[in-house]
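See structure below.
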Amino acid sequence: MRKLMILGASYSQLPLYEAARRLGVSTVAVSTPGDWPGFQAADEFSYTDISDPQAVLAAAEKFKIDGIATCCLDAGVRSIGYVCEHMGLNGMTAEAAEISGNKYKMKEAFQKGGVRCARHICVRDRTELEDALEQLAFPVVVKAVDLMGSRGIFRCNTREEALANYEKTMAATRKDYCLVEEFIEGEILGCEAMISNGELLYCLPNNIEAYQSHVPTPVGHSVPYRKLDALGGEVERQVRLAIKATGIDNCPVNCDLIEKDGLIYVIEITGRAGGTCLPEMVGLYYGIDYYEAIARLALSMEPEKMFREDAPHTANLSRTLTSGRNGVVKAVHNRNEKAADLVDLSFNIKPGDSVRRYENGIDRIGQVILTGKDLDACEKRLEEILSKINIEFTE
């Protein structure tokens with residue numbers, strides 16, 4: 001029986017364990033200790049820091065794995081490349097994984113590869129920060145190079161904000177440097193893709209619903225991309241350039257972009273499937289189990305066959321459920337009934353739990369995934385579903 005090592009054991013990786021089981025593949029869960037569902041779902045497990053490539057390699061050799069994968073988180077990307085290169089497994093090289101896991105190295109690769117992206121300057125102290133602020137027009141973004149999501153990333157409208165947020169960024173990062181970038185004002189979008197032996201198996205631009213915090217944070221995605229006819233080709237061109245520039249191959253691809261005045265800029269790209277229901281979005285659009293495709297790619301089990309020409313291209317939408325206030329949950333009221341178009345409506349809160357006013361992904365209280373005949377139908381259906389949900393708080 002083939003053996004797949006999966007980095008991460010939270011609810012986000014659970015569908016990957018389940019997909020491997022359906023393929024008849026044995027799994028090894030890797031994470032730091034905790035009450036993670038992946039440990040129960042896996043056949044074997046290892047208490048290992050997934051951000052430590054050498055430790056993950058030691059575990060991989062111990063369990064004699066045939067493939068290694070993750071989804072929805074960045075922490076294990078460098079380890080995947082390191083293990084694949086040392087054990088001859090299907091996946092990114094260690095160098096490509098290092099580049100895609102470090103925003104500074106990534107931006108340097110983008111510049112050399114002709115990828116359209118924001119101007120950036122690397123800074124190591126306040127003097128270099130002051131110099132960078134003289135070269136860039138406000139607003140700027142102060143950005144940690146090694147953190148996922150919106151952690152350690154701040155939009156700054158003034159010099160004073162940049163200096164204050166620089167201290168916050170350096171307190172959060174494990175590096176002794178960070179980036180200062182020009183802020184591109186535009187419409188953010190995403191793109192999921194998968195590359196196998198240099199062949200792009202699919203490329204799916206998507207709309208992003210963003211929560212405006214220090215920087216825009218995705219709380220939802222939908223397909224098809226609203227500007228697919230006008231800009232879909234340019235999105236794919238920039239994604240291909242970014243893939244080539246970073247050298248990533250034999251992996252899923254998650255790319256964040258922004259459109260300004262009809263031009264597509266690449267924010268960042270990484271060699272793993274995205275979070276916030278993106279694997280479900282891809283699966284619904286193509287009529288497949290995308291988690292299975294991820295497992296197949298890691299194990300060289302021909303994922304190409306899953307992306308058929310007669311794919312249904314089903315319009316779909318996902319949304320993270322959030323709270324607009326802090327409080328303790330008294331009751332969760334949901335008047336929605338089961339329906340064919342309501343793929344998932346789930347809550348990760350219960351009475352007695354404390355919730356926070358939403359600021360980033362750790363504050364989520366649930367999720368909705370739905371399908372429709374087109375985007376307009378999906379958005380109207382979402383309004384109906386949300387109108388039937390009410391969270392009651394204790395006074």
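The values are calculated or read from the model by the stated rules, or taken from the named source; none is laboratory data. Since the structure is predicted, the reported quantities are computational estimates derived from the model, not experimental observations. Every residue, glycine as well, gets a Cβ built from its backbone with ideal geometry; the counts of neighbours run over all protein chains shown. What goes into the accessible areas is simple: the full protein's heavy atoms, side chains included, and nothing from ligands, DNA or RNA. Shrake-Rupley method; radii C 1.70, N 1.55, O 1.52, S 1.80 Å.
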Quiz item: Is there a residue being open to solvent by 70 Å² or more (accessible area, probe 1.4 Å), part of a helix (DSSP H, G or I) and not basic (Lys, Arg) anywhere in region 171-194?
Solution: yes
Exercise. Would you confirm whether any residue within region 291-313 is in a helix (DSSP H, G or I), among the aromatic types (Phe, Trp, Tyr) and either touching a Leu at 6+ places or on another chain (Cβ under 7 Å) or at pLDDT below 95 (or both)?
Key: yes
Quiz prompt | Conditions (1) in contact with a Gly (Cβ under 7 Å, 6 or more places away or on another chain); (2) open to solvent by less than 20 Å² (accessible area, probe 1.4 Å); (3) under 18 Å from Thr246 (Cβ atoms); (4) not hydroxyl-bearing (Ser, Thr, Tyr): number failed by Glu95 | solution = (2)
Quiz item: Of the residues Ala132, Ala137, which is over 24 Å from Ala293 (Cα atoms), surrounded by fewer than 17 Cβ atoms within 10 Å (Cβ to Cβ) and among the aliphatic types (A, V, I, L, M)?
Solution: Ala137
Self-check item: Among (1) in contact (Cβ under 8 Å) with a residue 12 or more places away in the chain; (2) of a type outside the set (Ser, Thr, Tyr); (3) in a helix (DSSP H, G or I); (4) surrounded by fewer than 19 Cβ atoms within 10 Å (Cβ to Cβ), the one test that Asp49 misses
Solution: (3)
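I need a count of the residues in region 216-231 that are crowded, with 17+ Cβ neighbours inside 10 Å and either more than 30 Å from Glu359 (Cβ to Cβ) or out of contact with any Pro (no Cβ under 6 Å at 6 or more places or on another chain) (or both). Don't jump to the end; show me each part of the working.
As a first pass, look at region 216-231 and keep what is crowded, with 17+ Cβ neighbours inside 10 Å: 216-225, 227, 231.
Retained after the next criterion (residues that are either more than 30 Å from Glu359 (Cβ to Cβ) or out of contact with any Pro (no Cβ under 6 Å at 6 or more places or on another chain) (or both)): 216-224, 227, 231.
Looking only at that region, the number is 11.
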Quiz item: In the list Ile349, Ile269, which residue meets the criterion of being of a type in the set (A, V, I, L, M, F, W, C) and at pLDDT below 95?
Solution: Ile349
Quiz prompt | Cβ pairs under 8 Å, 6+ apart, first in region 160-183 and within 16 Å of Gly101 (Cα to Cα), second open to solvent by less than 50 Å² (accessible area, probe 1.4 Å) and of a type in the set (Asp, Glu) | solution = Thr173/Asp146; Arg174/Asp146; Lys175/Asp146
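Conditions (1) within 27 Å of Ile258 (Cβ to Cβ); (2) assigned to a loop (DSSP other than H, G, I, E, B), marked per residue:
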{"site": "Gly91", "(1), (2)": "no, yes"}
{"site": "Ala96", "(1), (2)": "yes, no"}
{"site": "Ile99", "(1), (2)": "yes, no"}
{"site": "Glu108", "(1), (2)": "yes, no"}
{"site": "Gln111", "(1), (2)": "yes, no"}
{"site": "Arg116", "(1), (2)": "yes, yes"}
{"site": "Ile121", "(1), (2)": "yes, no"}
{"site": "Leu129", "(1), (2)": "yes, no"}
Quiz item: Across region 283-296, what is the total count of residues that are hydrophobic (A, V, I, L, M, F, W, C) and either without any contact (Cβ under 8 Å) to a residue 12 or more places away in the chain or closer than 12 Å to Pro224 by Cβ (or both)?
Solution: 1
Quiz item: Only one of (1) free of Cβ contacts under 8 Å to residues at least 40 places away in the same chain; (2) in a strand (DSSP E or B); (3) open to solvent by 60 Å² or more (accessible area, probe 1.4 Å) fails for His333. Which number is that?
Solution: (1)
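For (1) touching a His at 6+ places or on another chain (Cβ under 7 Å); (2) open to solvent by less than 20 Å² (accessible area, probe 1.4 Å), each residue gets a yes or a no:
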| site | (1), (2) |
| --- | --- |
| Ile208 | yes, no |
| Lys244 | no, no |
| Gly271 | no, yes |
| Val282 | no, yes |
| Met306 | no, no |
